[in-house]
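This report refers to the structure that appears directly beneath it.
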Amino acid sequence: MQGIAGIAYFIASMLFILGLRDLTHPDTARRGTNLAAIGMLVAVVGTLAGTGIVNPLYIAIGLALGTLIGIPMGLKIPMTMMPERIALSHAFGGLAVSLVGIGEYVRHAGELQKLDAFHMGAISFEVILGALTFTGSLMAFGKLAGILPGKPTTFPGQNAITALALGSTALMAIYLVFNPGASALFYAIFVLGLLAGVLLVLPIGGADMPVVICLLNSYAGLAASASGFALSNPVLIITGALDGGSGFILAMAMSKAMNRSFTNVLFGAFGAETATGAAGGAGAAANVNTATVEEAADIMKYSDSVIVVPGYGMAVAQAQHAVRELASLLEANGTRVRYAIHPVAGRMPGHMNVLLAEANVPYDALFDLDQINDDFVNTDTVLVVGANDVVNPAAKTNPGSPIYGMPVFNCDQAKAVIVLKRSMNPGFAGIENELFVHPKTMMVFGDAKKTIQEMVNQVRGGGGH
């Protein structure tokens with residue numbers, strides 16, 4: 001029977017690897033998701049058929065509960081809330097791994113001294129990382145959903161307390177490797193892991209959520225891989241390593257896209273209130289050029305080239321379909337329309353790509369920062385839909401700005417800029433946006449979806465080139 005499990009694990013691992021490869025391109029992403037899902041099914045069936053360590057009743061109960069929770073989540077949660085759903089998934093995954101580690105420790109309760117150093121180390125590692133992922137992901141969910149403040153929450157000595165919690169946890173885990181019978185310490189590292197997850201995410205602001213999501217994904221994968229070593233389960237080792245490695249690589253890419261280091265993301269409190277951001281709001285508002293929907297639509301109609309820069313505001317307004325309809329009308333009128341996608345736009349990596357794909361925007365119309373940034377100077381009109389910090393020229397011109405050095409779009413170099421926003425409220429970084437008071441910029445205030453639909457009616461009304 002163990003042979004059946006081995007064959008199933010090999011097939012599942014190959015399907016996971018192929019699925020991950022296909023997820024690297026939008027054209028094959030759906031196939032990659034299906035391959036990974038089939039791989040998980042094969043792994044579960046192989047485990048049930050090839051081992052005698054599970055009670056079918058418990059598996060059936062777990063399957064029923066998971067199905068009752070998972071299907072409504074998948075069907076009811078809109079695409080705009082994908083970051084929140086992913087954070088919740090990471091939380092439950094981390095908790096599951098921790099509980100598996102605790103269960104494995106309890107299973108050896110009568111013979112803890114017989115646990116070799118390697119297995120005790122693997123159990124400790126999975127419990128700590130799983131607990132950290134659980135509470136850290138819940139904190140991320142709270143910030144993304146608006147339940148907790150999106151701004152960083154800091155207090156005196158916070159980094160020292162975090163370092164102390166992490167250091168104490170590591171020392172206890174090392175002691176347990178050589179003294180597995182110290183059960184009080186084992187449960188203490190679980191509690192400290194829970195605390196560490198809160199402390200690590202508490203000082204991180206909404207602007208860094210894409211990196212946090214990637215890191216939590218990496219933690220969950222590494223915890224699952226450690227669980228595989230503890231249970232001598234090869235498919236867990238392989239899939240956990242794939243998940244952990246890919247999450248870490250993606251987090252590095254996100255940090256690079258913001259021109260910031262991991263330590264700055266984790267301990268820099270990016271997005272905290274600053275004197276620069278808090279001051280001068282009234283004066284800045286006085287310099288804003290506002291425009292009506294009709295004026296903005298006329299500019300769009302007579303533009304030969306348009307670049308759309310989407311941001312989280314587009315997701316909140318669920319305006320992606322209206323954006324696609326406006327773009328189609330402009331293209332029928334002879335306008336070249338492209339979409340500039342910043343790596344950290346939205347609340348998770350690829351957030352804007354997912355929303356625009358849902359609206360059937362062709363993938364070849366999407367361009368990342370390096371591909372399109374030099375073309376803004378030759379563009380007639382830029383339409384900014386709910387984006388903020390990723391279009392702020394302060395990142396290039398103001399050394400005192402908290403986002404200075406972060407690569408941003410050169411929207412200010414276009415001939416005209418139309419910004420759709422509900423208000424002049426700052427973005428996640430908590431600072432004013434110099435683009436909004438630029439002489440070339442026209443602000444159109446209101447709900448982005450409603451505004452663009454009104455633009456569609458204006459453009460459809462006639463005129464153009």
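For helix 209-231, report the angle its Cα long axis makes with the longest principal axis of the Cα atoms of the chain; keep it between 0 and 90° and round to the nearest 10°.
For helix 209-231, the angle is close to 20 degrees.
What ratio of Cα Rg to 2.2 N^0.38 Å holds for the range 191-263?
The value comes to 1.21.
Shape of the range 45-126 from its Cα gyration tensor (a ≥ b ≥ c, root eigenvalues): rounded if a/c is under 1.5, otherwise prolate when a/b > b/c, or oblate?
Cα axes put the range 45-126 in the oblate bin.
What would the Debye equation give as log₁₀ I(q)/I(0) for the range 368-447 at q = 0.26, 0.27 Å⁻¹, counting only Cα atoms as equal point scatterers?
These q points yield log10 I(q)/I(0) values of -1.37, -1.43.
So which lysines can residue 440 reach, going by Cα to Cα under 27 Å and dropping same-chain residues fewer than 8 places off?
Candidates past the 8-residue exclusion: 301, 396, 415, 421, 449, 450.
Roughly speaking, what % of Cα-Cα pairs in the range 1-155 are separated by over 21 Å, rounded to a whole number?
Percentage above 21 Å: 64.
Relative contact order (percent) for the chain, with alpha-carbon contacts under 8 angstrom and 6 or more residues of separation?
In percent, rounded to a whole number, it is 14.
Taking other Cβ within 10 Å of each residue's Cβ, how do 11, 77, 403 sort, fewest first?
77, 11, 403
With each pseudo-label sitting 7 Å past Cα toward Cβ, what's the residue 175-residue 117 distance in nm, one decimal?
1.8 nm
Please report the Cα spread of the chain along all three principal axes, rounded to whole Å, starting with the longest.
The Cα atoms of the chain stretch 81, 50, 34 Å along the principal axes, largest first.
Do any trypsin sites (Lys or Arg not before Pro) in the range 372-455 lie in a DSSP loop with no more than 14 other beta carbon atoms within 10 Å, and if so, which?
Listed in order of number, the matching sites are 422.
In vacuo Debye scattering of the range 95-185, one point per C-alpha: log10 I(q)/I(0) at q = 0.19, 0.25 Å⁻¹?
Rounded to two decimals, the profile gives -0.91, -1.23.
Roughly how tilted is helix 234-257, in degrees to the nearest 10 and between 0 and 90, from the longest Cα axis of the chain?
Taking Cα atoms only, the helix is inclined about 30 degrees.
Mind pulling the per residue volume of the convex hull built on the Cα atoms of the range 280-460? Å³ is fine.
102 Å³
Once the principal axes of the Cα atoms of the range 202-241 are found, what is the range along each, listed largest first in whole angstroms?
39, 15, 7
Quick one: give the max-minus-min coordinate of the C-alpha atoms of the range 1-83 along each principal axis, largest first, in Å.
Sorted largest first, the three principal extents are 43, 29, 15 Å.
Modelled label-to-label distance, residue 154 and residue 332, 7 Å Cα→beta-carbon offset: nm?
Using points 7 Å along Cα→Cβ, the separation is 5.2 nm.
Could you line up 47, 379 from fewest to most neighbouring Cβ atoms inside 10 Å?
47, 379
I'm a student and want to see the number: the projected area of the Cα convex hull of the range 81-272, averaged over all directions, in nm².
With every direction weighted equally, the projected area is 10.3 nm².
Listed highest first by mean packing, meaning other Cβ atoms within 10 Å per residue, what order do 369-376, 88-95, 306-313 come in?
306-313, 88-95, 369-376
At 222 nm, what helix-only mean residue ellipticity would the chain give, in deg cm²/dmol to the nearest 500, using -39500 (n - 2.57) for each DSSP H run of four or more?
The per-residue figure over the chain is -20000 deg cm²/dmol.
Let a ≥ b ≥ c be the square roots of the eigenvalues of the Cα gyration tensor of the range 116-166; is it rounded (a/c under 1.5), or, if not, prolate (a/b larger than b/c) or oblate?
The shape class here is oblate.
Could you tell me the center-to-center distance, by alpha carbons, between the range 61-118 and the range 300-314 in angstrom?
Measuring centre to centre over Cα atoms gives 42 Å.
Quick note: the coordinates plus some simple rules give every number you see, no bench work behind them. Model, not experiment: these values are computed from the prediction. In this analysis, Cβ positions are derived from the backbone assuming ideal geometry, glycine residues included, and neighbour counts consider all displayed protein chains.
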